[in-house]
1. Taking interchain pairs and intrachain pairs at least six residues apart, which have beta carbon atoms under 6 angstrom, with the first residue in the range 28-46 and in contact (Cβ under 8 Å) with a residue 40 or more places away in the chain and the second among the β-branched types (Val, Ile, Thr) and open to solvent by 20 Å² or more (accessible area, probe 1.4 Å)?
2. Filter the range 117-173 down to the residues that are touching a Ser or Thr at 6+ places or on another chain (Cβ under 9 Å), assigned to a strand (DSSP E or B) and free of Cβ contacts under 8 Å to residues at least 40 places away in the same chain and list them by number.
3. If Leu384 passes every condition in (1) surrounded by 12 or more Cβ atoms within 10 Å (Cβ to Cβ); (2) assigned to a loop (DSSP other than H, G, I, E, B) but one, which one does it miss?
4. If only one of Glu141, Glu197, Glu193, Glu167 is modelled with pLDDT under 95 and surrounded by 13 or more Cβ atoms within 10 Å (Cβ to Cβ), which one is it?
5. Tally the residues that are charged (D, E, K, R), open to solvent by less than 90 Å² (accessible area, probe 1.4 Å), out of contact with any helix residue (DSSP H, G or I) (no Cβ under 8 Å at 6 or more places or on another chain) and closer than 30 Å to Gly370 by Cα, restricting the search to the range 207-232.
6. On the given criteria, is Asp324 on the phi < 0 side of the Ramachandran plot, modelled with pLDDT under 90, crowded, with 18+ Cβ neighbours inside 10 Å and not aliphatic (A, V, I, L, M)?
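The values are calculated or read from the model by the stated rules, or taken from the named source; none is laboratory data. Note that the structure is predicted; figures quoted are calculated from it, not measured. Reconstructed Cβ throughout: ideal geometry from the backbone, glycine too, with neighbour counts over all protein chains shown. The protein model used for the area step is the full one, side chains on, heavy atoms only, and it has no ligands, DNA or RNA in it. Shrake-Rupley method; radii C 1.70, N 1.55, O 1.52, S 1.80 Å.
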Amino acid sequence: MIKVGDKVRFLSSTGGGVVSGFRGKDIVLVEDEDGFEIPTLRREVVVVDTDDYNIAKVHTSASTGGRGKNKPVAATAGTSGSWPKGKAMGATKNSSPASKPATDKDDDDERPVTFRAPVEERKGGDQLSAYLAFVPIDLHEVTKTAFEAYLVNDCNYYLRFAYYSAEGNSYRLRATGEVEPNTKVFIEEFGREQLGELERVAVQLLAYKRDKSFLLKPAVDVQLRIDGTKFYKLHTFQDNDFFEQPALVYTLVENDRIARPLVIDAQRLKSEMYGSGKTDRQGNPTTVHPNDNTYVRRYEDRRDKQGNPFVVKRRGDEDVLVVDLHIGELLDTTAGLSAADMLQYQLKKFHEVMAANAGKKGQRIVFIHGKGDGVLRHAIVNELNYRYKQHSYQDASFQEYGYGATQVTIK
């Protein structure tokens with residue numbers, strides 16, 4: 001007969017403890033030396049020390065340290081076989097008031113289970129990696145279906161997150177919570193009528209571990225531009241490691257490297273523009289002097305694309321020079337070129353056009369740079385504001401060139 005206060009050990013695993021109560025007829029609550037109550041089948045424990053006088057002995061138990069009622073629950077549907085690599089919950093040891101003696105069966109049945117399995121960390125998971133994912137509810141009706149948003153945590157850290165959408169120059173909080181290591185959490189479901197609210201979103205992340213020391217990670221603050229037209233295209237949703245079904249996945253941080261923010265860092269842009277193609281010991285790109293054309297010489301082995309990306313259009317009594325700076329219009333191949341390399345080549349062509357038309361007062365030039373991430377546009381605007389500030393510029397006609405073109409007027 002097993003009683004409260006008996007010392008027991010487990011039959012099928014190492015360890016044991018003191019019986020602190022019961023749950024129903026078949027479950028024994030075994031309190032270990034750390035104060036955690038472990039629910040165990042009666043047939044899986046054996047009494048090793050008992051004393052008929054210890055029945056009324058009071059045992060203290062730790063608080064559950066479990067999920068708060070407002071904590072988002074990690075999604076389990078749609079998880080692929082290769083991920084999560086170790087969905088687990090960390091155990092906490094926060095003290096709580098002593099529990100009452102377990103003398104009543106009903107009290108034992110209502111006693112909370114305090115055991116939490118320790119987090120299983122995976123090798124290589126101590127670098128922060130997190131993603132924002134959009135999953136169509138019905139992929140076969142991609143033009144009509146609603147969507148689910150998830151925050152994916154692909155590292156050994158807990159992540160406290162806040163998810164916002166832009167409203168003009170301000171932001172509105174859409175969701176906040178905690179996502180456990182190597183798992184994902186459902187954020188919200190939204191329909192097509194809400195796509196306009198998600199044109200610009202921001203995610204902030206704070207990383208930490210529970211009950212152990214860890215390397216401090218900087219807070220993550222990422223702003224993303226979400227193209228609503230992608231949600232109408234089937235090929236937008238790709239196979240991935242986090243869901244069984246195709247999803248649209250945006251990188252927030254990967255291997256401790258934060259994704260490119262919506263707001264362009266002028267110093268970083270300058271560094272990429274005049275980079276030597278090499279990095280220092282800290283992984284930062286080394287630079288050359290802006291007047292040194294070393295970076296231009298890296299394209300000497302490239303052949304300009306046959307065909308003229310420069311088109312003259314007649315608008316009334318004026319000739320408008322239209323220059324398409326899409327890299328596919330300038331080069332036959334981009335094999336081996338990094339994003340910084342392509343940006344530098346596009347700017348080289350921009351400078352060539354500006355130099356060729358410097359003396360043509362009143363000449364209008366439309367540079368088509370596309371929407372994309374806005375890096376090329378920001379680089380062109382930066383050059384116009386400083387190197388060519390004597391000339392005026394504005395957004396080109398939306399009707400003629402879409403939303404990715406800038407018109408320059410030579411003064």
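1. Pro39/Ile27; Pro39/Val113
2. Matches in the range 117-173: Asn153, Tyr171, Arg172, Leu173.
3. For Leu384, the exception is condition (2).
4. Glu197
5. Residues meeting the conditions: 2.
6. Judged against the criteria, Asp324 is a match.
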